[in-house]
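The values are calculated or read from the model by the stated rules, or taken from the named source; none is laboratory data. Here the structure is a predicted model, which means the values were calculated and not measured. Methodologically, a virtual Cβ is constructed for each residue, glycine included, from the backbone with ideal geometry; neighbour enumeration extends over all protein chains shown. Only protein heavy atoms, including side chains, enter the accessible area calculation; ligands, DNA and RNA are left aside. Shrake-Rupley method; radii C 1.70, N 1.55, O 1.52, S 1.80 Å.
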Number of protein chains: 2
Amino acid sequence: MQVVEESAAKASGAGLTERQSAVLESALNLLVDGGEKAVTTAGVARAANCSKESLYKWFGDRDGLLSAMIGYQAGKVRTVEVRAESLTVEGLRRHLSAFALDLLDVLSGDVSLALNRLAIGQTVRGERRGGAASGGATLGRLLEERGRRQIGRRATTLLEAGRKAGLLAFDDADEAYGTLYGLIVTDAHLRMLLGEDPRAMKKEFAGRAERAVTSFLTLYGVGAMADA
Amino acid sequence: MQVVEESAAKASGAGLTERQSAVLESALNLLVDGGEKAVTTAGVARAANCSKESLYKWFGDRDGLLSAMIGYQAGKVRTVEVRAESLTVEGLRRHLSAFALDLLDVLSGDVSLALNRLAIGQTVRGERRGGAASGGATLGRLLEERGRRQIGRRATTLLEAGRKAGLLAFDDADEAYGTLYGLIVTDAHLRMLLGEDPRAMKKEFAGRAERAVTSFLTLYGVGAMADA
DNA sequence: AAGCTTGCGTACCGTACGGTACGGTTCGGC
DNA sequence: GCCGAACCGTACCGTACGGTACGCAAGCTT
């Protein structure tokens, strides 16, 4: 039994045909420059040259579509695993700076901002609205799991490597990561979510990243690390 | 010419009668436990026992109503000016801790979270949607001006006082404040915006504030400040 | 007491959107 | 060459909401 559907299809996300991925891509574009209200079922269908009926067949629901959009986008972000061996002072600093820049780049991305706005807009009082199609995971949680946690893992492994190499000192890796995150991002993310122009902020990213890393090393670096 | 309207009316906000303030209060309650979609003109009218016609007469528009809600709530937050004279080492630390706790309390408040979600939900790609009634200020900008900046001023004056007393060392007060903000808040605000239960996080606020202040003093404190 | 303003309650209209149904078309399999 | 599945395009339905209009009661001003 030769299953064509499996050989030809299956893009990045979990069990999505190419067609469906293309549709989600269109939907994301729509979301990016129109906000949530621009993502109407008719609008997506028109933009993607597909029928509403297919949308409902594939995603079940408008909420299902939104969830799929988040899942799809999150699936595209692959965090580069850092090879932590042979970590030198300068190497750690470089890796931290690279991480800081990557983090700022991700957070300031058009799609990321749009999806965060979407998820936040759906959120109500600690509970989330709208039942997602695939198993009850909600948009906010989804975004947190697939985005934040994912990128956090990369950072914590880096920090652990630094500690193991005797370059960093901390008790709780998550706490240290929290500090690093705060130093890097401060309120930039929220300001962008509220509408501040990301392009204007991107110019400051390099300096911001450097300062954050320097401060972080001052706080958690061992010995002469801070001066590196 | 004895103007009754002025003697009897005018609550906290700019030119709002008591009745209107009461209506806005109802609307805020509605927003807090229903999200933006719960704030319908009919719903607000019903909750506040007023007519839709009055709503439109007073606020002109649904967007005007939303703007008024933000302005009203922002008007209620009065930041306590710190008397910066006679600043001691311990005093500075206490003030910083108090600020940190206040900040976390404000950001985790139900109304604050709801309004931030509202403003973020209205935001699209650097521009803001929906023309506010009063002069074109938009929701995101409004929230930023009246909330963030306001509370930021309190912090920067405190930091300036610390520097003048020779307890802190920094070049740019805003930059130092940014660092302080990041250390205190990290990603807690965003997590709450995405639906994390604020009550669960509030338990960690005290410890979080202390750690943040200690770190901040390590970075910017002069001499033995950090050990205070 | 008459008149006017204010504002409540309700009914109403237009529109936009989520969701469904149906006819027509393309494409792979027999 | 025929069949069925998938899918497009569109038309359709119900509902919900923003915004407006009208009728009517309460509280002033004169």
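The table below gives the values:
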{"quantity": "Position residue A:75, label points 7 Å along Cα→Cβ, spacing to each other copy in nm (shortest first, one decimal)", "calculated": "5.1"}
{"quantity": "Exam field: residue B:206 pseudo-label spacings to other copies (7 Å along Cα-Cβ), nanometres", "calculated": "4.6"}
{"quantity": "Segment A:81-220: relative contact order as a whole-number percent, Cα under 8 Å and 6+ apart", "calculated": "34 percent"}
{"quantity": "Hits among aspartates and glutamates - C-alpha to C-alpha of residue B:37 under 19 Å, sequence gap 8 or more where chains match", "calculated": "A:36, A:61, A:63, A:127, B:25, B:61, B:63, B:110"}
{"quantity": "Shortest-first nm distances, residue B:15 label point to equivalent points in other copies (7 Å, Cα→Cβ)", "calculated": "5.8"}
{"quantity": "A versus B: buried accessible surface, summed, Å² (probe 1.4 Å, to nearest 100)", "calculated": "3600 Å²"}
{"quantity": "Flagged links, alpha-carbon separation over 31 Å, of B:76/B:202; A:202/B:57; A:164/B:202", "calculated": "A:202/B:57; A:164/B:202"}
{"quantity": "Rg and Dmax of segment B:18-74, Cα atoms only, in Å", "calculated": "9.7, 26"}
{"quantity": "Whole-number Å³ per residue for the convex hull built on Cα positions in segment A:81-220", "calculated": "125 Å³"}
